[in-house]
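The values are calculated or read from the model by the stated rules, or taken from the named source; none is laboratory data. Quick caveat, the model's predicted, so the values are computed rather than measured. So basically every Cβ, Gly included, is an ideal-geometry build from the backbone, and we count neighbours across all protein chains shown.
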Amino acid sequence: MKPKVEYSKNHKRLTPLDSEFVMDNKKFKYYNKWFTLGAGVQQNLTYKRDVGFTGGADFNFHIKRNYFQAGLEVMGETATNFTNYEFHLGYGARYEDKDVHFSAFIGPSYSTGYAKMYDTIYSRAYSLPGMYGQVEIVKKIAYDVGIGVALYGDVNKEQTLVGFIGILYFSGSYRGKKRMVLTE
């Protein structure tokens, strides 16, 4: 029995969801999950504050051929004084080959934290929804490990933040060594 061949709307043949390939005697899966972790700088465009610290982590996954993201960003004036915590979900697109990974996501966010009162003390609490967007590009060190950058923005009624994060990329594509088949 032949496997079912799927085609896109423009009649291009689609890669089956469970497909694997071999590179350097290692097996990898085409559709895979990945995790990024990093730190960088952010700018609060609403309050015109000095550039501050941001750190983040994202878990990215697919359901069939659709990519999703769930993540967290922490922000503050310094790496030890967080004043904003932001959780986000996203829907996006991904491109990857053996040397580079590129993805973009957009979706809802939820921010909680403290705003400055009288430009000196963080005392006014807020918790509210917003919109989040992120683009990341990674140079792969190995097929499933890389280093890159992510540019993000978060908008809500309290503030607008943009940030730049250096990230470490870890893919779940590795499936083990290729087994050698002996024939006579």
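Among the residues of the range 141-150, what is the count of those that are within 15 Å of the chain's Cα centre (by Cα) and farther than 13 Å from ALA57 by Cα?
Residues that pass the stated criteria total 5.
Residue by residue through the range 41-82, note down the ones that are assigned to a strand (DSSP E or B) and of a type in the set (Gly, Ala, Ser).
GLY52, GLY55, GLY56, ALA57, ALA70, GLY71, GLY76
Applying the selection to the range 151-166, what residues are over 13 Å from the mean Cα position of the chain (by Cα) and surrounded by 14 or more Cβ atoms within 10 Å (Cβ to Cβ)?
At the first step, the residues of the range 151-166 found to be over 13 Å from the mean Cα position of the chain (by Cα) are 154-163.
Hits for the range 151-166 are ASP154, VAL155, ASN156, GLU158, GLN159, THR160, LEU161, VAL162, GLY163.
So, in the range 88-103, exactly how many residues are hydroxyl-bearing (Ser, Thr, Tyr) and either touching a Gly at 6+ places or on another chain (Cβ under 9 Å) or not in a strand (DSSP E or B) (or both)? Even if it seems obvious, please write down each step before you answer.
Filtering the range 88-103 for residues hydroxyl-bearing (Ser, Thr, Tyr) gives 91, 95, 103.
The next check asks that each one be either touching a Gly at 6+ places or on another chain (Cβ under 9 Å) or not in a strand (DSSP E or B) (or both); those that pass are 91, 103.
Qualifying residue count for the region: 2.
Mind listing whichever residues of the range 41-58 are within 20 Å of ILE147 (Cα to Cα), of a type outside the set (D, E, K, R) and buried (at least 20 other Cβ atoms within 10 Å of the Cβ)?
Result: GLN42, THR54, GLY56.
If I filter the range 24-56 down to residues being hydroxyl-bearing (Ser, Thr, Tyr) and modelled with pLDDT of 90 or more, which single residue comes out as farthest from ALA79 (Cα to Cα)? Reasoning before the result, please.
Pass one, the range 24-56, residues hydroxyl-bearing (Ser, Thr, Tyr): 30-31, 36, 46-47, 54.
Adding the requirement that they be modelled with pLDDT of 90 or more leaves 36, 54.
Numbers: THR36: 18, THR54: 7 Å.
Filtering the range 24-56 for residues that are hydroxyl-bearing (Ser, Thr, Tyr) and modelled with pLDDT of 90 or more, the one farthest from ALA79 (Cα to Cα) comes out as THR36.
Which residues, taken from the range 112-130, are at pLDDT 95 or above and surrounded by 15 or more Cβ atoms within 10 Å (Cβ to Cβ)?
GLY130
Just to be sure, is TYR85 surrounded by fewer than 17 Cβ atoms within 10 Å (Cβ to Cβ) and part of a strand (DSSP E or B)? Full working, then the answer.
Details: surrounded by fewer than 17 Cβ atoms within 10 Å (Cβ to Cβ): yes; part of a strand (DSSP E or B): yes.
The answer is yes for TYR85.
May I ask you to verify whether PHE61 is modelled with pLDDT of 90 or more and surrounded by 18 or more Cβ atoms within 10 Å (Cβ to Cβ)?
No; evaluated as a whole, the condition is false for this residue.
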